[in-house]
Amino acid sequence: MKLNLKNRSKTVATYLIAAATLFTACSRNPDPTPAGPYTNGIFVMNFGNFLQNNGSLSWLTRTGSTAETNIFEVRNRRPTRGGIQSYVEAGNRGLFLVDNSSAGADKIEIVTADSLRSVKTLGAPDIENPRYAVRVSDTKVYVTCWDATGSNVFYVKPGYVAVIDLVTNTVTKKITVQKGAEGITVVGNEAYVASTDFSDSNVLTVIDTQTDAVKQQIIMPTDVNELQLDANNKLWAFVGKNVIRINPATKTIEATIPVGSASNASRPGNMTPGTDRRSMYYTYANTDAAFRAVGQVHRFGITDATITPTTPVINRSFVGITGLGFDPKTNVVYIGVTPSTAQAGLVYRHQTTGQLVDSVKVEISPVGFFFK
């Protein structure tokens with residue numbers, strides 16, 4: 001930056017003050033200027049190390065080989081202070097969920113979707129252990145929450161869905177649902193709420209999104225973590241080593257398909273729809289001695305009568321696989337890998353043919369992706 005010295009009547013003292021001000025301003029801004037606006041690329045949700053509360057958001061362009069890291073902290077001059085669990089956009093707002101290891105310190109950050117500037121922070125008691133978020137409309141978002149947890153009995157309270165009004169940026173209602181509220185998916189004017197594997201409530205709760213009230217519950221054979229919508233408006237989920245298909249019109253399970261053999265130690269997870277939602281990508285993984293998930297990426301079609309995970313989409317195993325995404329703009333598979341929670345994670349990008357596009361270093365424990 002050049003100082004304007006054309007005014008020769010400027011005194012030496014004035015010059016020195018200007019120079020000192022410039023130096024101070026620069027010294028307070030040691031971080032690189034963010035590359036935004038964030039309108040065409042991918043947010044990577046990095047959960048970090050839970051006990052260190054060092055989760056973060058990274059930004060990837062579709063052609064660049066370097067990630068922009070700690071983007072919320074750079075934009076807003078403060079850290080996220082927790083693991084990044086989920087991200088969603090509605091209208092011109094983005095919301096990401098922050099899970100802190102300390103009780104009462106969880107929160108939701110409402111930001112501008114294109115620049116990640118902070119708009120408002122929602123915290124306890126409205127937000128306790130937030131899990132997943134879904135857009136209901138441009139002005140309304142649902143967020144599943146576990147509520148406060150215990151030590152001996154982990155789920156001491158029923159879960160709830162926080163209704164967030166993006167006009168006022170407030171929680172307008174807490175809809176009580178089953179314990180361990182987890183993944184949530186909207187189909188028409190209904191939201192379907194799943195629950196985590198550690199819950200004792202084997203149900204899906206159906207919410208009327210026009211009244212923000214529970215409509216009914218559907219009994220499941222066991223807990224269902226997450227749900228994916230296919231091209232026929234049917235819901236899919238993994239239940240143990242099976243995949244089930246749910247018909248929202250009849251509120252029934254209309255198909256149960258085993259994934260691999262019952263004797264195989266690997267389990268399916270991280271279901272992610274392809275661009276046309278006629279194929280589902282998933283991980284098939286087991287745990288190694290360091291408690292890392294080790295496995296491959298597979299695919300099945302929504303009309304398949306059997307699912308046999310013998311030939312992976314990508315001919316390799318990933319050690320520490322923690323996230324899976326599919327870019328509908330480029331038909332590229334994104335795999336998040338966590339070597340350990342003490343070092344940066346990696347994102348591998350592959351064509352659906354299995355060919356490697358590239359790998360990009362991000363931040364600790366990449367668990368999810370949001371494609372823009």
Quiz item: Looking at this model, which pairs from Lys107/Lys251; Lys179/Lys234; Lys173/Lys329; Lys140/Lys241 are more than 29 angstrom apart at the alpha-carbon?
Solution: Lys107/Lys251; Lys173/Lys329; Lys140/Lys241
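May I ask you to derive the FRET efficiency for Ala249 and Ala290 from their Cβ-Cβ distance with R0 = 45 Å, giving the value to the nearest 0.05? Could the numbers behind the result be given before it?
Details: r = 45 Å, r/R0 = 1.00.
Efficiency computed from Cβ-Cβ geometry: 0.50.
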Exercise. Report the label-to-label distance for Ser65 and Leu356 in nanometres (one decimal), using points 7 Å from each Cα along the Cα→Cβ vector.
Key: 1.1
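For the pair Phe154 and Ala124, what calculated FRET efficiency results from E = 1/(1 + (r/R0)^6), where r is the Cβ-Cβ distance and R0 = 25 Å, to the nearest 0.05?
Once rounded, the FRET efficiency stands at 0.90.
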Quiz item: Under a plain spin-label model, where a point goes 7 Å from the Cα along Cα-to-Cβ, how far apart in nm are Lys241 and Ile257?
Solution: 1.8
Quiz item: What's the local net charge at Ser199, with K and R +1, D and E -1, over the other residues with C-beta under 14 Å away?
Solution: -3
Self-check item: Sites Asn202 and Ser137, calculated FRET efficiency, Cβ-Cβ separation with R0 30 Å, nearest 0.05
Solution: 0.50
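Around Ser58, what is the net charge, scoring Lys/Arg as +1 and Asp/Glu as -1 over all other residues with Cβ under 11 Å from its Cβ? Mind showing how you got there, number by number?
Values: positive: Lys361; negative: Glu68, Glu363.
Residues near Ser58 contribute -1 overall.
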Quiz item: How much solvent-accessible surface does Arg292 expose, in Å² to the nearest 10, with a 1.4 Å probe and all protein chains in place?
Solution: 80
Quiz item: Got a number for carbon plus sulfur as a percent of the chain's accessible area, 1.4 Å probe?
Solution: 50
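Taking 0.36 nm per intervening residue step and subtracting the Cα-Cα distance, what contour gain separates Thr168 from Asn264 on full extension? Mind dumping the intermediate values first?
Details: separation 96, 0.36 × 96 = 34.56 nm, distance 5.05 nm.
Length gained, Thr168 through Asn264: 29.5 nm.
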Practice problem: Rank Ile335, Thr144, Thr196 by how far each Cα sits towards the positive end of the charge dipole of the chain (+1 on Lys, Arg Cβ; -1 on Asp, Glu Cβ) and give me just the farthest. | Solution: Ile335
Self-check item: Accessible surface, the chain, averaged per residue in Å² (probe 1.4 Å)
Solution: 46
Quiz item: When the helix-only estimate is applied to the chain (DSSP H runs of n ≥ 4, each -39,500 (n - 2.57), divided by the residue count), what is the mean residue ellipticity at 222 nm, nearest 500 deg cm²/dmol?
Solution: -2000 deg cm²/dmol
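The values are calculated or read from the model by the stated rules, or taken from the named source; none is laboratory data. The model shown is predicted, which means the values in this text are computed figures rather than measured ones. As a convention, Cβ positions derive from the backbone with ideal geometry for all residues, glycine included, and neighbour counts pool all protein chains shown. Heavy atoms of the whole protein, side chains included, go into the accessibility calculation; ligands, DNA and RNA do not. Shrake-Rupley method; radii C 1.70, N 1.55, O 1.52, S 1.80 Å.
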